[in-house]
Amino acid sequence: MRRESFWRDAVALVALSVAAAAVSNLAAGPERKLRWVGSYAEAAPPPSSKEPPAAAASAAPAPAISPSAGDAGKAFPPHPDKPWLEISGDDVALLRDRGALILDARRSSVYRDGHIAGARSLSVWEADADDKVRGLFAEGRDQSAPVVVYCSGGECEDSHMLAEKLYRVGFDDVLVYKDGFPDWQRRNLPVAKGDAP
Amino acid sequence: MSGPLSSPWLTIRVQFVLAAVFVVAAVGKIADPPGFAHEIHNYALVPGVAVNAMAIALPWLELICGLALFVGLARRSAARILGVLLVVFVIALGINLARKRPVDCGCFGTSKVEKTTEERLRDMKWAIARDAGLLLLVGQVLGATRRDAGSGL
């Protein structure tokens, strides 16, 4: 049996792996492809806010009901000093009724299984995320209008990461639906399936 | 190493077990690189710019080394690389366990099962135990094949 040289063999194994990985990534579809250099913000706690704006809901659990008539005039002003603020399901339902842009930060395969009716898919983990974010910018949207982002609630950080990306291209009223899609389902609010919003 | 622990009969079987574990682990991750990138990011140990490169390349390294062990080609180098990966996995899980930061292991791809914090922390302990067991298997391969070692380490 031939005698092994660790370094020679190790370099060959690593080189072969990187080459195979590069080919695989090149051939992958949009849902599987990744950019080699990621651009993810580090997992960070919610931004501290000395005095939350009237629009932003507190972190307290929201009641499992639709928005009340008293919320109809609620404002969600821009917050250029903070990348995002957290809001409750009541606020999301209110914003949805007003036609606000809602973005689903979960994987597109999960989006297809069920999402907030009217929400657009913008998975922060897929290779076209930055292009889609820039696409929103290019649509000429009012960047001071509320944009709601959500993922799976709980420890899910995808919505916060997407909010960071949106903030970086100039959206200054990004609102994170803290409790995410599971909370929306619990409230029996409108859900859609498939690729269409 | 000498005696029954270094017998070719045992070594070939240990190689197959290691190969099977790493090939299965790699396939799950190769199938969904964005999901694996997400898992790596959740560990909060790798800089954001390096997450994707790691998610793309690491599963292939596991696959190639697993296959090398399976066919008995460059098996000492493959075993050492897998050993290093296992040590890194144990350290990464250990750090997050010490932080009490529950993460999905991501060892065999993306988990679709929702878990509680307690379940995740318990699974992390099991993953560390499993990786320690696999490290023993790597040690067996390296010990039993020492006479095959040439230049280098």
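Treating each Cα of the protein assembly as shown as an identical point scatterer and summing with the Debye formula, the log10 of I(q)/I(0) at q = 0.10, 0.11, 0.15 Å⁻¹ comes to -0.68, -0.78, -1.21.
Gaussian network model of chain B, Cα springs within a sub-10 Å range: biggest mean-square fluctuation belongs to which of B:E62, B:E39, B:E118? For chain B, modelled as a Gaussian network with Cα springs under 10 Å, the answer is B:E118.
Taking chain B as a whole, the Cys residues whose C-beta sits 4.7 Å or farther from every other Cys C-beta are B:C65. Counting only whole DSSP H helices of chain B, the ones at least 15 Å long by C-alpha along their axis and with mean Kyte-Doolittle hydropathy no lower than 0.5 are B:8-30, B:48-71, B:75-98. In a simple Cβ point-charge model (Lys, Arg +1; Asp, Glu -1; nothing else charged), the protein assembly as shown has a dipole of about 1520 debye relative to its Cα centre. Along the axis of the charge dipole computed for chain B (Cβ charges of +1 for Lys and Arg, -1 for Asp and Glu, origin at the Cα centre), the listed residues B:L136, B:P102, B:V51 are led at the positive end by B:L136.
Across peptide B:33-45, the average count of Cβ atoms from other chains found within 10 Å of a residue's Cβ is 5. Coupling constants for region A:178-186 follow from the phi torsions by the Karplus curve (6.51 cos²θ - 1.76 cosθ + 1.60, θ = phi - 60°), and in residue order they are 4, 8, x, 4, x, 5, 4, 5, 4 Hz; glycine and proline get x. Reported value for region A:116-197: 95 Å³ per residue, from the convex hull of its C-alpha atoms. Its Cα gyration tensor gives region B:51-91 an equivalent ellipsoid; the semi-axes, largest first and in whole Å, are 19, 13, 6. Of chain B, which part is the longest with no trypsin sites (Lys or Arg not before Pro) in a loop (DSSP not H, G, I, E, B) and with at most 16 other C-beta atoms within 10 angstrom? The reported range is B:1-98.
From least to most packed, judged by other beta carbons within 10 angstrom and beginning with the fewest, A:D179, A:D195 follow the order A:D195, A:D179. Measuring against 29 Å, Cα to Cα, the residue pairs A:K193/B:K115; A:K74/B:K100; A:K33/A:K193; A:K33/A:K165 contain A:K74/B:K100 as the ones spanning a longer distance.
When both region A:11-33 and region A:148-165 are represented by their alpha-carbon centers, they are found 28 Å apart. Take each residue of peptide A:29-40, count the partner chain Cβ atoms within 10 Å of its Cβ, and average: the result is 6. Along its first, second and third principal axes, ordered by size, region B:39-153 spans 47, 28, 23 Å in Cα coordinates.
We did not get these values from a lab; they are worked out from the coordinates using the rules stated. On a predicted model such as this, the values are computed, not experimentally measured, just so you know. Methodologically, a virtual Cβ is constructed for each residue, glycine included, from the backbone with ideal geometry; neighbour enumeration extends over all protein chains shown.
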